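Below is one structure; the comments refer to it alone.
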Amino acid sequence: MSLTLEQVRRVAQLARIDISDAEADTALGELNGIFSLIEAMQAADTAGVAPMAHALDIAQRLRDDRVSESDQRAAFQAVAPETADGLYLVPKVIE
Amino acid sequence: MKHGEVSSGWEVVIGIETHAQLATQSKIFSGAATAFGAAPNVQACAVDLALPGVLPVLNRGAVECAIRFGLAVGAEVAERSVFARKNYFYPDLPKGYQISQFEAPVVIGGQLAIQVGDSEKIIRLTRAHLEEDAGKSLHEDFQGQSGIDLNRAGTPLLEIVSEPDLRSSAEAVAYARALHALVRWIGICDGNMQEGSFRCDANVSVRRPGGPLGTRREIKNLNSFRFMQQAIDYEVRWQIETLEDGGRIQQATVLFDPDSGETRSMRSKEDAHDYRYFPDPDLLPLVIARDWVERTRAQLPELPVAKRARFVAEFGLSDYDATALTASLEIANYYEAAVQAAGVASAKPCANWVMVDLAARVNREGIDFGDAPVSAAQLGRLLARVADNTISNNIAKKIFDAIWAGEGGTGEDAADRIIAAQGLKQITDTGAIEALIDEVLANNAAMVAEFRAGKEKAFNALVGQAMKATKGKANPQQVNQLLRSKLG
């Protein structure tokens, strides 16, 4: 399997990465290189092997349902570009 | 449109996705509080803000809620489930992805019984999965800017997905109501729809009966049962008209505008739904040990369906009464406690009192059954006095109001105290009633004459006079009988 330039542009658009035509060409070559590695791995017989969701074969540890964080809004908002009335301000977005 | 019916040759197909906010103290992946109504961003910690270097740690309480739900709907609680990233960009989603579950959800299958008219229908569930909520964007008040409040970001949600088994807006609403009652019953969600704790999306399509499924449109964010009904009815009409006019339905996400009563398409880009899910490398698979599931099963309250059946079998209630009395855990608990105090023989009058007198009062004052000033034990003891003929039902209503107003004290014997203090004990002594009736007949000769002339109305007037003479303390049937024998 190999990607098209069109697909690379679409993935970049979805990830909000602004890439030039030259960068898209480079990315296409690199991504296809990765795909060829995957293709090689596909050759291994994995019938009957459950896919892993994580590189570590251990289970998630859980925390108790307890509030452990206090209000640190002032500290967080001190480094925010713009705030008002306790809100973070961003360029207007309406869908 | 009537439920389960084909509208002018079309069949309606609806599936519902529900977001239930889980009733935990802290967020699903952080230790920030989830309380509603806090000042903006005071409950948004470094994890919720997605500051560099933070990692999510899963809340045991949220998982427990998912297990409870799975057991309550007879679903499979997955031994192993996986968290995935759902990628999209929006300012109220600081990480650029929402942590959700995709290929391996925590709850698989299950079903919910709904009551539509007189019949019951089983609605199959596809799945339920854990995920985090996003923050809130405020678009007004800021010139050319949006304000972001991340208090809600990271709040635990259970997304519950039904199969497309619903066939009308009435069935959709019955499903949403049943689900709403269930999540509150098992204590995993407060169900507050105004605060957004329980919100539904409806996937609606129409087809020719027996034909292939039509293209669906998704109505987002229905936060009231009334809007759900209106939105689906409008959407179904619109789809049928569009198809009958030779048009085609385009898959779309629509919003319901309560002011116009219409659904309208959200402007959204073509790639809006390409979420590029993949397993979240920050989280290991969630493994739920079977003994945890069994411990949780043992702690579940008796479920509404089981309780309803027991009310019918043990107390001889009708299906209708049993359904009404299991509408919520509070009303069911109140009713059972009242029956316990009154005796099983009073189960039916208890049902009437709880559904009519108590419900009216509780609704009027906007309080919960559990907070009613007349406790279940007090009501039960009051009705026991009706059952043993100490007082009439009419006097019982007066005593109920008195207890509600704080008379008789807070003890279970409040009714007995009021009966004793106000001398409300019913007069059952025939001699005493006869003496009062004789007096009434002597003082109302005109009415007696009218009755003898054949006017039945005059008899009722005489009963009224006699009851008045006994200050309502005589048994009306007994008065009736004695009066008739004296006039006869």
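Only the coordinates and a few stated rules stand behind these numbers; no lab work does. Just so it is clear, the model here is predicted, and its values are computed rather than measured. Glycine gets a Cβ as well: all are built from the backbone with ideal geometry, and neighbour counts include every protein chain shown.
Brief remarks on what is shown
- Relative contact order (percent, whole number), chain B, Cα cutoff 8 Å, 6+ residue spacing: 13 percent
- Filter on B:K95/B:K136; A:K92/B:K86; B:K348/B:K425; B:K397/B:K471; B:K307/B:K348 - keep pairs with C-alpha separation over 18 Å: A:K92/B:K86; B:K348/B:K425
- Two-site FRET efficiency, B:Q422 against B:H139, from Cβ-Cβ distance with R₀ of 56 Å, rounded to 0.05: 0.35
- Acute angle (nearest 10 degrees) that the helix A:5-14 long axis makes with the longest principal axis of chain A, alpha-carbon atoms: 20 degrees
- Degrees, to the nearest 10: B:456-469 long Cα axis against longest axis of chain B: 90 degrees
- Summing charges over all other residues whose Cβ lies under 14 Å from the Cβ of B:E218, with Lys and Arg as +1 and Asp and Glu as -1, gives +1.
- Phi angles across region B:343-358 convert, under the Karplus curve 6.51 cos²θ - 1.76 cosθ + 1.60 with θ = phi - 60°, into 3J(HN,Hα) values of x, 4, 4, 9, 4, 5, x, 4, 4, 4, 4, 5, 6, 9, 5, 5 Hz, Gly and Pro given as x.
- For region B:11-275, share of DSSP beta bridges that run antiparallel, in % to the nearest 5: 95 percent
- Residues in region B:11-25 that a label on B:R208 would reach, taking backbone N under 13 Å of a point 7 Å out along Cα→Cβ: B:11
- Mean Cβ count within 10 Å, highest first, over the residues of peptides B:328-341, B:362-375: B:328-341, B:362-375
- Inter-label distance, nm, simple model (7 Å from Cα along the C-beta direction), B:A252/A:V11: 3.3 nm
- Label sites at A:A40 and B:D245, each approximated as a point 7 angstrom past Cα along Cα to Cβ, lie 6.0 nm apart.
- Per-residue average of Cβ from other chains inside 10 Å of A:67-80: 6
- Size descriptor, Kirkwood hydrodynamic radius, that averages inverse alpha-carbon separations across the protein assembly as shown, Å: 29.0 Å
- Separation between Cα centres of region B:358-397 and region A:1-20, rounded to whole Å: 70 Å
- Tilt relative to chain A, helix A:21-42 - C-alpha long axis, 0 to 90 degrees, to 10: 60 degrees
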